[in-house]
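First the structure, in the form of structure tokens, and then the observations on it.
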Amino acid sequence: MNNAPIGIYDSGLGGLTVWREVKKLLPSESLIYLGDGKNCPYGTRPVEEIVMLADAAVARLIAEGCKMVVVACNTATAAAIDFLRTKYAPMPIVGMEPAVKPACRDTRSGVIGVLATERSLEGDLFRRTVAKYGEGVEVVPVVGKGFVELVEQNREETSEAEAIVKSAIAEILSKGADQIVLGCTHYPFLLPVLERVVSGRGVTIVDPSPAVARRVAQLLNEYNLCAIPDHRPSYRFVTFADETYRQQLENKATACCSES
Ligand code: DGL
């Protein structure tokens, strides 16, 4: 038993889509959310730089007393997960995996789309995942250009957001995909817009965050790190940016909990 917090990290607000799933599944666990904010977006940065940023973030969460870290950022996972697991062993570190496996299993049309950042789609993790699960399936990777900025600036529910999303997924739809994988933790905040854009086309949108929360639960058990069942959790938000941004994280977290 261990009542220390779980650290959850992203380049910005996106990882809150994972944070809310972990909070829902594990209501006795205290959570510290680190949204970098200062260096967001990560998606177009060089890999070496992302590794450095992720290293600083994990070090900060450990300094805050975390017993486990969730890298709730596909881009940071793709760039740095092996490095982080080696450097911070034996602490368990959970990363994001593009949900290519369930999408390939469930597709009827044989075509799936994957939306993610540039760096995630170029990475080895994506290549390996497609090679492992994508046999016989056409995988259409598309960068969600401008998506992260829409979320960071709270512009998800605007006509501009709808236009950006529509143009990004046009290729996926024209190729006949019936599954669209959200390979960036910011993107589930655009789910209402995405659902409007694909409405009536028989397309399922796949968000991996509930599966990541289940993996966190599994590892807590394996490592004997669960909080005591009646532990009263605390939720903290930290950032490398300023207090205004920290407050924004907290507000977004409150808003996304009342939605689900
Ligand atoms: N939320 C992130 C991801 O899952 C990073 C987005 C960004 O900073 O570009 O990839």
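For the chain, give the magnitude of the charge dipole about the Cα centre (Cβ charges: +1 Lys/Arg, -1 Asp/Glu; no others), in debye to the nearest 20.
Roughly 500 debye, rounded to the nearest 20.
Find the relative contact order for the chain and round it to a whole percent, using C-alpha pairs within less than 8 Å whose residues are 6+ positions apart.
30
Just to be sure I understand: with springs between alpha-carbon atoms less than 10 Å apart, which residue in Met52, Met68, Met96 has the highest mean-square fluctuation in the Gaussian network model of the chain?
Met52
Add +1 for every Lys or Arg and -1 for every Asp or Glu among the other residues with Cβ under 11 Å from the Cβ of Pro5, and state the total.
0
Which of Pro5, Asn221, Gln247 sits closest to the plus end of the dipole of the chain, meaning its Cα is farthest towards the positive end, when Lys and Arg get +1 and Asp and Glu get -1 on the C-beta?
Asn221
Show that you can apply the helix-only estimate: for the chain, add -39,500 (n - 2.57) for every DSSP H stretch of four or more residues, divide by all residues, and state [θ] at 222 nm to the nearest 500.
Calculated from helices alone, the mean residue ellipticity at 222 nm is -14500 deg cm²/dmol.
For the range 89-220, what relative contact order do you get, as a whole percent, if you take Cα pairs closer than 8 Å and at least 6 residues apart?
Over the range 89-220, the number comes to 34 percent.
By how many degrees, between 0 and 90 and to the nearest 10, does the Cα long axis of helix 209-222 differ from the longest principal axis of the chain?
30
If exposed means no more than 15 neighbouring beta carbons inside 10 Å and the site is in a DSSP loop, what's the longest run of the chain without any exposed GluC sites (Glu not before Pro)?
With GluC sites (Glu not before Pro) excluded where exposed in loops, the chain gives 158-260 as its longest stretch.
Given R₀ = 35 Å, what would the calculated FRET efficiency be for Met52 paired with Asn3, taking r from the Cβ atoms and rounding to 0.05?
The value I calculate is 0.65.
What is the Cα coordinate range of the chain on the first, second and third principal axes, sorted by size from largest, in whole angstrom?
Principal-axis extents of the chain (Cα, largest first): 49, 38, 38 Å.
Which of the trypsin sites (Lys or Arg not before Pro) across the range 137-207 are loop residues per DSSP, with 10 or fewer other Cβ within 10 Å?
Of the trypsin sites (Lys or Arg not before Pro), the ones in loops of the range 137-207 whose Cβ has at most 10 other Cβ atoms within 10 Å are Arg201.
For Lys166, which lysines qualify as cross-link partners when the Cα separation must be under 30 Å and same-chain residues fewer than eight apart are set aside?
Lys38, Lys101, Lys132, Lys145, Lys175, Lys252
Among all the aspartates and glutamates, which ones have a C-alpha under 14 Å from Lys67's C-alpha, if same-chain residues fewer than 8 places away are not counted?
The reachable aspartates and glutamates, counting only those whose Cα sits under 14 Å from Lys67, are Glu29, Glu222.
To the nearest 0.05, what FRET efficiency results for Asp230 and Ser109 with a Förster distance of 51 Å applied to their C-beta separation?
Once rounded, the FRET efficiency stands at 0.60.
On a 0 to 90° scale, report how tilted helix 47-63 is relative to the longest principal axis of the chain, with both axes built from alpha carbons and the result rounded to the nearest 10.
30
For the chain, take the longest principal axis of its alpha carbons; what is the angle in degrees between that and the long axis of helix 243-259, to the nearest 10 within 0 to 90?
Roughly 70 degrees, rounded to the nearest 10.
Only loop residues by DSSP count here, and only those with at most 14 other Cβ atoms within 10 Å; note down the chymotrypsin sites (Phe, Trp or Tyr not before Pro) in the range 170-260 that meet that.
Those that pass, being in a loop and sparsely packed, are Tyr223.
Which trypsin sites (Lys or Arg not before Pro) from the range 1-68 combine a DSSP loop assignment with at most 16 other Cβ atoms within 10 Å?
Loop-located and lightly packed - Lys38.
Hey, what did the range 136-188 get for relative contact order, percent, Cα under 8 Å, at least 6 apart?
45
Taking just the alpha carbons, could you work out the radius of gyration and Dmax for the range 136-260, both in angstroms?
In order Rg, Dmax, the Cα atoms of the range 136-260 give 17.7, 51 Å.
So for the chain: antiparallel DSSP bridges make up what percent, rounded to the nearest 5?
Of all bridge pairs located within the chain, approximately 0 percent are antiparallel.
Every read-out reported here was derived from the displayed coordinates using simple, explicitly stated rules and does not represent laboratory data. In this text the structure is predicted, and so the values were computed from the model without any measurement. Virtual Cβ from ideal backbone geometry, glycine too; neighbours counted across all protein chains shown.
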